[in-house]
Amino acid sequence: MKKLLALGFLALLMTAAPAGAQQDPQAIVDSLYYQQGTIPLGSNLATLRLTPAFRYLNPADTRKVLVELWGNPPESVGETMGAIVPADAGVMDAEGWLIIVSYEDSGHVSDEDAAGIDYADLLKEMQQATLDGNEERLKQGYERLELVGWAEAPHYDSQAKKIYWAKQLKFGDTPPPDTLNYNIRVLGRTGYLDLTAVASMAQLPMINQRVNEILSTVTFNPGSRYEEFDASSDHVAEYGIAGLIAGGVLAKAGFFKVLLAALLAGWKFVAAGLVVVVGLIAKFFRRGTKAEG
């Protein structure tokens with residue numbers, strides 16, 4: 001099966017054969033070791049408590065999927081804490097999808113701005129930043145990017161310190177379906193867990209139906225919980241909730257977060273790229289600094 005990949009900070013769209021093309025894909029699939037139930041993450045950082053509807057792949061097997069099966073270049077795949085995979089779909093099935101789990105030691109993300117965020121205005125700013133970035137994208141020979149809108153508007157649970165949202169993206173003249181970028185964040189004491197869903201627009205209703213179940217599986221362990229933040233010793237992130245949503249964290253996230261934007265029909269991968277959010281990074285960093293001062 002041919003896969004189309006988009007790589008790099010500016011979302012280079014290219015065709016490529018899977019990195020594991022010389023290996024038998026079925027042999028790779030058969031080698032994957034799925035775990036269920038309670039899964040520790042990091043060094044006593046957090047815990048997954050999976051329902052029977054989900055399985056877990058460790059970081060090594062997650063890398064096998066991303067590199068050997070899905071064809072992502074090894075150098076573009078950063079460190080993960082593994083992946084959450086639905087039990088009713090295989091990673092090579094047409095309906096397959098997964099959630100990449102990683103941790104960003106970004107500092108404590110203040111949620112003081114959460115109640116005052118106008119998500120419609122935030123979307124307009126993100127859309128304008130996307131348009132502004134297209135000139136540079138085109139100069140670099142890459143496709144034009146359009147942020148069509150919220151596929152799912154942001155939802156923030158101030159008690160659980162968990163947030164999710166999804167964006168609908170369109171690259172160049174690519175025919176429908178558009179790209180789904182589905183993001184889940186769980187805030188902790190000095191950083192956050194990043195759960196990035198790799199799925200198609202057609203799977204949006206299904207993910208929305210299961211998002212609360214997914215959120216309930218992830219908790220920080222004692223010592224790493226949001227409410228245990230110590231202002232006298234813990235680092236504070238340079239952005240708040242608005243900056244988290246707008247993409248300010250991409251400045252520190254590296255290739256991996258850019259790469260895993262979404263999975264389209266026909267195994268097409270796309271990446272939003274840093275150029276989309278450069279203006280927003282500065283804007284929301286300033287907002288976060290002001291809120292903290």
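The values are calculated or read from the model by the stated rules, or taken from the named source; none is laboratory data. This is a predicted model, so every value here is computed, not measured. Ideal geometry is used to build each Cβ from the backbone, glycine not excepted, and the neighbour counts take in all protein chains shown. Heavy atoms of the whole protein, side chains included, go into the accessibility calculation; ligands, DNA and RNA do not. Shrake-Rupley method; radii C 1.70, N 1.55, O 1.52, S 1.80 Å.
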- Message: Give me, ordered by chain and number, the residues 5 or more places off H108 or on other chains with an amide H under 5 Å from its own placed amide H.
- Response: H235, V236, A237
- Note on the structure: Going residue by residue through segment 50-63, the Karplus relation 6.51 cos²θ - 1.76 cosθ + 1.60 with θ = phi - 60° gives ³J(HN,Hα) values, rounded to whole Hz and with x marking Gly or Pro, of 7, 7, x, 6, 10, 10, 10, 10, 6, x, 5, 6, 4, 5
- Item | Solvent-free Debye scattering, log10 I(q)/I(0), computed from the Cα coordinates of segment 130-203 at q = 0.16, 0.22, 0.24, 0.27 Å⁻¹ | -0.70, -0.97, -1.04, -1.15
- Message: Please list 3J(HN,Hα) in residue order for segment 79-90, calculated via the Karplus relation 6.51 cos²θ - 1.76 cosθ + 1.60 where θ = phi - 60°; whole Hz, with x for glycine and proline.
- Response: 6, 10, 9, x, 9, 9, 10, x, 6, 9, 8, x
- Item | Cα centroid of segment 168-201 to Cα centroid of segment 62-86, whole Å | 16
- Message: With the crude spin-label approximation of a point 7 Å out along Cα→Cβ, what separation in nm comes out for S158 versus A53?
- Response: 2.8
- Task: Let me know the Rg and Dmax you get for segment 77-144 when you use only its Cα atoms, in Å.
- Result: 18.2, 43
- Additional length obtainable on full extension of the chain from E112 to S216, 0.36 nm per residue less Cα span: 35.1 nm
- Accessible area expressed per residue, segment 33-186, with surrounding protein chains retained (probe 1.4 Å, Å²): 44
- Query: Amide H to amide H, which residues 5 or more places from L48 or on other chains are under 5 Å from it, using H placed in the peptide plane?
  - Reply: I39, L41
- Query: Non-local amide H neighbours of W70 (under 5 Å, H modeled in plane, Pro and chain starts lacking H): which ones?
  - Reply: none
- Message: From the phi angles alone, apply the Karplus equation (6.51, -1.76, 1.60; θ = phi - 60°) to segment 150-157 and give each ³J(HN,Hα) in whole Hz, x where the residue is Gly or Pro.
- Response: 5, 6, 8, 4, x, 10, 10, 9
